[in-house]
Amino acid sequence: MRVQFFSVISVCMALLLPSVLVAQVFGTVNFDFDSDQLDAQAQQQILEIANSLKSVDTYKPTVIVGYTDAVGGSSYNDNLGLRRAQAVAEALRAAGVPVEKVGKTETRGKHDLLISVSTPERLNRRVTVGLEDILAACRTYREVPLSVSDVGEALQNDLVQRVKEASEYYGQLSINGGNGAAFQMAGAAREDCEQAVGFKRDSIRKVEYAQKCFCSSARMQVALGLIPAN
């Protein structure tokens, strides 16, 4: 019964609360078949994404991921997906997006099709531009890539959200008697994130506790079975 309880709680809370793993996506750029060239539609998509990137206040790095449709071999499509991602990154810089906001490029090739067909499909030939997740799981808080320059409103808002999330999990898990790894990690995440929120002037200490907050949050997600452990 306890296993079933945690499964229900995990599913329900995942539906009710925003997951720390869902990165913000600014937009998608589509391509012609077997091409890494930006057509008129793609150029318009680039401009819209560029405007969003230039206006957003965030400490998270940008990740640009290229995809293809299912036609052709994996190696070729991996390369094509990467070329598409690089073309978008270059176009974003040309559109005035600061270099530091244009993050790494990756390829998924013909994996993760939007439309499950083996024939050419434009919706599958795409590049997504979004914010990279800080951590999928965490061994030590010192791994979390935050620095004093990241301290600002965006980080503060994220920390406040993590306090809310951890508190919600902690309260729900208390109903089952308040024991187990998930309950303990929810308590740790709540405490670490509350302390991180409280530091406003001491940037060094704020970064340290923000790192602890992110790490505890990830461990909580692992304990709940929402994300895999490293």
Item to check | Residue in the range 102-113 that is on the phi > 0 side of the Ramachandran plot and open to solvent by 20 Å² or more (accessible area, probe 1.4 Å) present | outcome: yes
Item to check | Output for the range 43-63, where each listed residue is open to solvent by less than 90 Å² (accessible area, probe 1.4 Å) and among the polar types (S, T, N, Q) | outcome: 43, 45, 52, 58, 62
Item to check | Count - residues of the range 136-174 that are assigned to a loop (DSSP other than H, G, I, E, B), surrounded by 13 or more Cβ atoms within 10 Å (Cβ to Cβ) and of a type outside the set (A, V, I, L, M, F, W, C) | outcome: 1
Next on the checklist: Among the residues of the range 98-106, are any of a type in the set (Ser, Thr, Tyr) and modelled with pLDDT of 95 or more?
Outcome noted: no
Item to check | Within the range 64-81, considering residues that are open to solvent by less than 10 Å² (accessible area, probe 1.4 Å) and outside any strand (DSSP E or B), the one nearest to residue 92 (Cα to Cα) | outcome: 81
Checklist entry - Among (1) within 23 Å of the chain's Cα centre (by Cα); (2) open to solvent by 80 Å² or more (accessible area, probe 1.4 Å), where does residue 37 come up short? => result (1)
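Yes or no, residue by residue, for (1) open to solvent by 60 Å² or more (accessible area, probe 1.4 Å); (2) modelled with pLDDT of 85 or more:
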residue: 179; (1), (2): yes, no
residue: 188; (1), (2): no, yes
residue: 191; (1), (2): yes, yes
residue: 199; (1), (2): no, yes
residue: 205; (1), (2): yes, yes
residue: 215; (1), (2): no, yes
residue: 219; (1), (2): yes, yes
residue: 227; (1), (2): no, no
Item to check | Near pairs, Cβ below 6 angstrom, 6+ apart or cross-chain, from the range 154-168 (of a type in the set (A, V, I, L, M)) to any residue that is open to solvent by 60 Å² or more (accessible area, probe 1.4 Å) and not in a helix (DSSP H, G or I) | outcome: 154/57
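The values are calculated or read from the model by the stated rules, or taken from the named source; none is laboratory data. Please read all numbers here as calculations on a predicted model, not as lab measurements. Note that each Cβ is placed from the backbone with ideal geometry, even for glycine, and that neighbours are counted across all protein chains shown. Just the protein is used for accessible areas: all its heavy atoms, side chains included, with ligands, DNA and RNA removed. Shrake-Rupley method; radii C 1.70, N 1.55, O 1.52, S 1.80 Å.
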